[in-house]
Amino acid sequence: LIAFDDFDDDDAFIDANIFQNRLQYLFQKLLRAISNPESPLFFFLDDLQWADCSSLRLLSSLVMGQDTDDNPMCVCFVGSYRSSEANINQSLVECIQSFEDSNAVLLTSISLDGLAKEGTCAMISSALKLPARLVRNLADVVHMKTLGNPLFVRTLLASMVDDQSLSYSFMTRRWMWDSKAIKLAPLPENIAIILTQKLRRMPREVQEALSIAACFGLVVDKECLKILSESSEFGGLLPHLDYAAQSGIVADHGSNYVFTHDLVQKAAYDLIPEESLDKTHFSLGLQIITPYSNERSTDELQLTSTTFIAIEQIIASRCREIPNPTFRAPLADFLVKAGERSIEMADFPLALKYITYGLDFLGGDEAWGSNFRLSLRLHEAACLACYLNVMPRQVMTFVGKIMENTDSFVDRIKAFYVLTKTLASLGKIKEAVEKIFHILEQLGEEIPNDITPDGIMFVMESTKQLLSRFSREKLLNAPKMTDYKKLWTLRFYDLSAPYLFLVNPTYVPLVECRMAQLSVRYGLCKESAFGLFGYAQCLIQIYQDLDGAHRWTKMARLVLERFNATNMFPKLTCLQYSFVNVWVEPFQATIETMDQCSQDALKIGNVEFAYYSAQFLCIEMALTGSHLEIVERKCVTVSSNMALWKQLHAFMGHLSTHLMILKLGSIDKNPFDIPGVSIKDEDQLLEQSVDRRKTLAQAIYFNRMFVAFYLQQYVYAAEMAEQYKLQRAMIMRFEDIHHSFYEALIGFQLARSPSIDTKKWLDIAEQHVATFRGWIKHSKWNFENKLLLLEAELCLLKGATESSEEKYKAAIESARRHKFVHEEGVAWELLSSYWKKCGKVKEERECKKAAFDCYEKWGAKALLDRLRT
């Protein structure tokens, strides 16, 4: 159970949205595991008109989810529904419409009408064991009454047998009927009337038992019936239902009775007068729940399958007020627990229904004075349920009620948490950050209005001094954080980090260092791991201390292990391989890890970091020389799933990466052509990013620079490289490495142009060369070929042609050895230009051919077209 009052279970409140994500992902994995091209799966879903929102959402994720690995889902989904009832279920209508609009779903609609006259005749002929010519007159009458509905035909024939208008003659040894009498008889107009008439012919006690059983739906739990049988109001149900089972009205399945058809259940339900329905449901629920609530305090009440059934009965009564005041708090407590359990089971609409009824039963706004704690718990749960159901206005309403009726900031803290997540989900990232900062200030934190490099250095130095005395042993033995306010301070800091990375990355080092400081002073919690990792990240950015960064990354992992926070490992792995390991491990070696990280995050429902990992994976594959067609297929899968899971933050940057790959590969596709995506091109994407999402703008400028460089549009590439630097913060990204490399190469090209500021671009290029001389100490694999190529260009520019030639060849060999095929192609092209200046035509052509081969291996068809011309 999720106990929101319980300090130790606040994590369930924070991570509630992962429940549904995890459920959907695990179902996808299950279907992939049990289906394959040789043995595809046929999945039939009947009576979809009754499906609830959560079931339809799960179905949609299964049908529309793209395969993310080499194990595709080989499933044919077949769903049936009654068109006469489907329009009542708006969620089903929207679900079917989304399938029709999706390019990823092959949808076939089949409309099944009733049997034709010939079909009805054939059915009756088979049932009566008579030739079709003999039953044609009977079939005509039956078809007129039933419109060919097979169930109606069968039920009508049974009804005719009961009233002896159709009977078996032992003299003639065949079924006999009077066609004229049947035609003139006032036969019921629909099957429900026939079934009702059949039920009314049963004993009165059996009718009453069936009508009570029908209140529970198609399946009736015997445990509930046993409880009811002990009451004076509903005694003696079981023997009468056994009689109904012998008559074929219900089936006895051991622990349950099951009605043979939903129309049979409806006919039994219709035996109850309409004016008595609400009272009957309420009495049933109260009788079942009373044994569980008598002589127990609110805190002792527990949920079982039986109490869930009781709650459903009380809700079905549409009663919003409890006549007996002593039952109000226990029922409200049951309902909030039921709502919390439903959240855990990823049934968010049902959770909201339970919680809102709990609020009504407790007394609404008046309950704040008489039952403050339970009322607060219900309102907190309502905030969360509305957020999970994507109902932002209702979130604001419930948050407002909490603000009106509470004085303590601690009592408001969970509502604030949901509010900030709601703002972010609406795309209001800046407003969410401002709200978080305001909350942190109320929690006692001082947030500076502006961040300067000196301010970052001061925070970093103070954090370094604090952590210098924090050994591995002290970490393992450090006390747990017990200060409730400080714990929530860390949670809000952790919540702010990804938002700040999007809109104001300069604050991220401050946030991460502050998390580390609080952990040292007040004890550890799970979020402490990300404070320690943030500090490790800062060690790289400010001190270039990779050894220290690795040590503190390991410490962060130890914190998660200590708290058994396995659900947080994918997030830490994503950050570690995005910001730390890329400096020492071969770039290509991290690709498989990031792919696995994305899968692991999906398994535990952390969709946000699953697709941050997937986005980084696509960038890494493109920039390290993976074949562009393979990368593009991966991009398509990731794009479709990001849109399906509504991961807009990562999705925007990924669109730009996908566009870059399409341009280089000369692939005629529009990455923006995805259902539900309003942005139509990269210019529109850039307009939305500037001044609001600096990280996104930076990604767009980098991708444009990258493409322009390879197309030899050096002036435009230089403009994009400078725009990229204007967006850059202190946190170094994977793209920063490549920006330094390509801006240096661009600088060397522009430094040779007489119409360009030669000194400016030569200075920029030389600064990058010096940077790579520092980086190569950390990873010869990643940086050797890049440094050699930059030094070759520098030597050529300064007239050292012999050294230049040697370094070009060394750069080519290093790129080949370290599997950077695209950078090998660049080196061959630059060496070709060198031979051209030397007047060596044969060598020039050989180098161009080698560059062509490299770009062909890379799949960069746009570059092949350029070289051909």
Legend entry - Built amide H within the under 5 Å cut-off of Asn36, gap 5+: Leu41, Cys74
Inset, instruction - Please work out how much length the chain gains when fully extended from Lys603 to Arg318, using 0.36 nm per residue of separation minus the C-alpha to C-alpha distance, in nm with one decimal. - result: 98.7 nm
Inset, instruction - Would you mind getting me the FRET efficiency between Asp46 and Asp113? Use the beta-carbon distance for r and R0 = 22 Å, nearest 0.05. - result: 0.80
Legend entry - Two-decimal Rg to Rh for the chain - Kirkwood Rh, Cα set: 1.09
Legend entry - Rel. contact order, % - alpha carbon contacts under 8 angstrom, at least six apart, region 621-672: 37 percent
Inset, instruction - Only helical DSSP H runs with n ≥ 4 go in: add -39500 (n - 2.57) per run for the chain, normalise by residue count and round the 222 nm mean residue ellipticity to 500 deg cm²/dmol. - result: -21500 deg cm²/dmol
Legend entry - Fully extended contour minus Cα-Cα distance, from Glu230 to Gln712, at 0.36 nm per residue: 164.8 nm
Inset, instruction - Of the DSSP beta bridges with both residues in the chain, give the percent that are antiparallel, rounding to the nearest 5. - result: 60 percent
Inset, instruction - Any chance you could get the radius of gyration and Dmax over the Cα atoms of region 372-500, in Å? - result: 17.5, 49
Legend entry - Estimated inter-spin distance, Arg82 and Ser169, nm [label 7 Å along Cα→Cβ]: 3.8 nm
Inset, instruction - Work out the length of the dipole vector of the chain about its Cα centre, built from +1 on the beta-carbon of each Lys and Arg and -1 on the beta-carbon of each Asp and Glu, and round it to the nearest 20 debye. - result: 1700 debye
Inset, instruction - First measure r as the distance between the Cβ atoms of Arg866 and Lys646, then evaluate 1/(1 + (r/R0)^6) with R0 = 35 Å and state the FRET efficiency to the nearest 0.05. - result: 0.35
Legend entry - Listed residue (Met457, Ile402, Ala382) projecting farthest to the positive dipole end of region 377-470, Cβ model: Ala382
Legend entry - Packing rank of 419-426, 651-658, 388-395, where each peptide gets the mean count of other beta carbons within 10 Å, highest leading: 651-658, 419-426, 388-395
Inset, instruction - Take the Cα of Met176, step 7 Å along the line toward its Cβ, and report every residue of region 122-137 whose backbone nitrogen sits under 18 Å from that point. - result: 128-131, 134-137
Legend entry - Inter-label distance for Ser55 and Asn389, nm, one decimal - labels placed 7 Å from Cα along Cα-to-Cβ: 1.8 nm
Inset, instruction - Return the carbon/sulfur percentage of the accessible area of the chain, one whole number, probe 1.4 Å, all protein chains in place. - result: 52 percent
Inset, instruction - Read phi for every residue in region 571-577 and hand back ³J(HN,Hα) as whole Hz from Karplus 6.51 cos²θ - 1.76 cosθ + 1.60, θ = phi - 60°, with x for Gly and Pro. - result: 4, 5, 5, 4, 5, 4, 7
Inset, instruction - Let me have the relative contact order for region 611-752, percent, based on Cα pairs under 8 Å that are six or more residues apart. - result: 18 percent
Inset, instruction - List, in order, the whole-Hz ³J(HN,Hα) value for each residue of region 209-221 obtained from phi through the Karplus relation with A = 6.51, B = -1.76, C = 1.60 and θ = phi - 60°; use x for Gly and Pro. - result: 4, 5, 5, 5, 4, 5, 5, 8, x, 5, 10, 10, 6
Legend entry - Spin-label pair Ser468/Arg201, simplified geometry with 7 Å Cα→Cβ offset, distance in nm: 9.6 nm
Inset, instruction - Can you list which of the trypsin sites (Lys or Arg not before Pro) found in region 201-293 are DSSP loop residues with at most 16 other C-beta atoms within 10 Å? - result: Arg201
Inset, instruction - Order the peptides 20-32, 166-178 from the highest to the lowest mean number of other Cβ atoms within 10 Å of their residues. - result: 20-32, 166-178
Legend entry - Accessible area (Å², 1.4 Å probe, nearest 10) - Ser60: 20 Å²
Inset, instruction - Would you work out the relative contact order for region 560-664, in percent, from Cα pairs under 8 angstrom that are 6 or more residues apart? - result: 23 percent
Legend entry - Rounded to whole Hz, the Karplus (6.51, -1.76, 1.60) HN-Hα couplings of region 618-629, x for glycine and proline: 5, 4, 5, 4, 5, 7, 10, x, 5, 4, 5, 5
Inset, instruction - Return the FRET efficiency for the residue pair Glu431, Gln90: r is the Cβ-Cβ distance, R0 is 22 Å, and the value is rounded to the nearest 0.05. - result: 0.10
Legend entry - Selection from Val142, Phe77, Leu106, by position along the positive dipole direction of region 26-179 (Cβ): Val142
Legend entry - region 501-650 - accessible surface per residue (Å², probe 1.4 Å): 29 Å²
Inset, instruction - Note the full-extension length gain between Ala245 and Glu275 as 0.36 nm times their separation in residues minus their Cα-Cα distance, in nm to one decimal. - result: 8.0 nm
Legend entry - Long-range amide H partners of Leu166 with built H, under 5 Å: Val161
Inset, instruction - Take Tyr493, Tyr243, Tyr269 and sort them by solvent-accessible surface of the protein heavy atoms, 1.4 Å probe, largest at the top. - result: Tyr243, Tyr269, Tyr493
Inset, instruction - Might you work out the accessible area of Trp50 for me, using a 1.4 Å probe with all protein chains in place, and round it to the nearest 10 Å²? - result: 120 Å²
Inset, instruction - Take the alpha carbon gyration tensor of region 431-530, find the square roots of its eigenvalues, order them as a ≥ b ≥ c, and report rounded if a/c is under 1.5; if not, report prolate when a/b exceeds b/c, else oblate. - result: oblate
Inset, instruction - Please calculate the 1.4 Å probe accessible area of Ser317, with all protein chains present, and give it to the nearest 10 Å². - result: 0 Å²
Legend entry - Dipole of the chain, positive end: most advanced residue of Asn36, Leu539, Met515 [Cβ charges, Cα centre]: Asn36
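The values are calculated or read from the model by the stated rules, or taken from the named source; none is laboratory data. Just so it is clear, the structure is predicted and the values come from calculations on it, not from any experiment. Every residue, glycine as well, gets a Cβ built from its backbone with ideal geometry; the counts of neighbours run over all protein chains shown. Keep in mind that these areas ignore ligands, DNA and RNA; they rest on the heavy atoms of the full protein, side chains included. Shrake-Rupley method; radii C 1.70, N 1.55, O 1.52, S 1.80 Å.
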